[in-house]
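Every number here is computed from the coordinates shown, using simple stated rules; none is lab data. Keep in mind that this is a model prediction, so the values were computed, not measured. Using ideal geometry, Cβ is built from the backbone for each residue, glycine included, and neighbour counts are taken over all protein chains shown.
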Amino acid sequence: DRGRLLFAQESIFVKGVVAMSGLPPADRIEVCFAGRSNVGKSTLINALTGTKALARASNTPGRTQEINYFAQGPDLYLVDLPGYGYANAPLPVVEKWQKLLKQYLSGRPTLRRAFVLIDARHGVKKVDEEIMALLDSAAVTFQCVLTKTDKVKAAERDKVLGQVRGALSKHPAAYPELILTSSEKGDGIATLRAIIAGLV
Ligand code: GDP
């Protein structure tokens with residue numbers, strides 16, 4: 001299948017970008033990944049690409065400032081956006097990345113879809129809503145990926161799913177279908193690969 005073939009190709013770190021001027025040429029389709037810090041974004045990107053440490057866990061705010069570009073084969077970029085929602089990040093830092101994020105989301109013609117990662121235990125938080133509002137205004141279609149589903153029981157998961165669906169209904173740019181994943185168990189990874197392949 002196409003998802004498997006796409007991700008059987010080599011994944012290469014291209015560069016970390018701190019300003020719009022640093023973006024690589026918009027010469028292929030790209031999808032981006034956004035989420036609160038610690039949501040499991042690095043782990044998910046590593047699971048998708050089948051690498052152990054392509055995307056580094058972003059446990060320090062300093063590392064969250066770069067937009068990281070990965071080439072997945074010759075026809076696709078995977079774009080790892082800075083993690084957000086650090087309670088104690090200094091305001092100038094937050095403002096700087098919000099500006100870059102806004103510029104990136106509204107100014108990248110090859111961006112096909114944003115994947116907004118939501119922790120299956122926590123649901124949609126205020127900072128997630130802010131990103132979703134940004135995606136609405138940039139008219140970037142986004143799809144939610146629930147992470148760490150192995151950490152919740154079915155009943156709790158269903159409750160969170162309801163909360164996420166309710167939140168999404170308020171966002172015109174939201175794609176309604178949710179993707180449930182566990183990078184730990186490998187659940188949903190093939191589905192996500194196939195969805196991405198369908199966008200290339
Ligand atoms: P990031 O800050 O969003 O890049 O988050 P990380 O990828 O560094 O993950 C944060 C923590 O969650 C790490 O301790 C991971 O091992 C853990 N984690 C990530 N994905 C999963 C998952 O699917 N299941 C479980 N149980 N833990 C996960």
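Listing for the model above:
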{"quantity": "Test: ALA71 is closer than 22 Å to CYS144 by Cβ and either surrounded by 14 or more Cβ atoms within 10 Å (Cβ to Cβ) or within 11 Å of the ligand (Cβ to nearest atom) (or both)", "calculated": "no"}
{"quantity": "Conditions (1) farther than 13 Å from GLY35 by Cβ; (2) surrounded by 15 or more Cβ atoms within 10 Å (Cβ to Cβ); number of the one not met by GLU95", "calculated": "(2)"}
{"quantity": "Pairs where the first residue, in segment 31-42, is within 6 Å of the ligand (Cβ to nearest atom) and the second is of a type in the set (Phe, Trp, Tyr), C-beta under 8 Å, 6+ apart", "calculated": "GLY35/TYR84; SER37/TYR84; SER37/TYR86; LYS41/PHE33"}
{"quantity": "Elements of type helices (runs of 4 or more DSSP H) in segment 115-200, at least 2 residues being in contact (Cβ under 8 Å) with a residue 40 or more places away in the chain, surrounded by 19 or more Cβ atoms within 10 Å (Cβ to Cβ) and away from the ligand (no atom under 14 Å from the Cβ)", "calculated": "154-168, 189-199"}
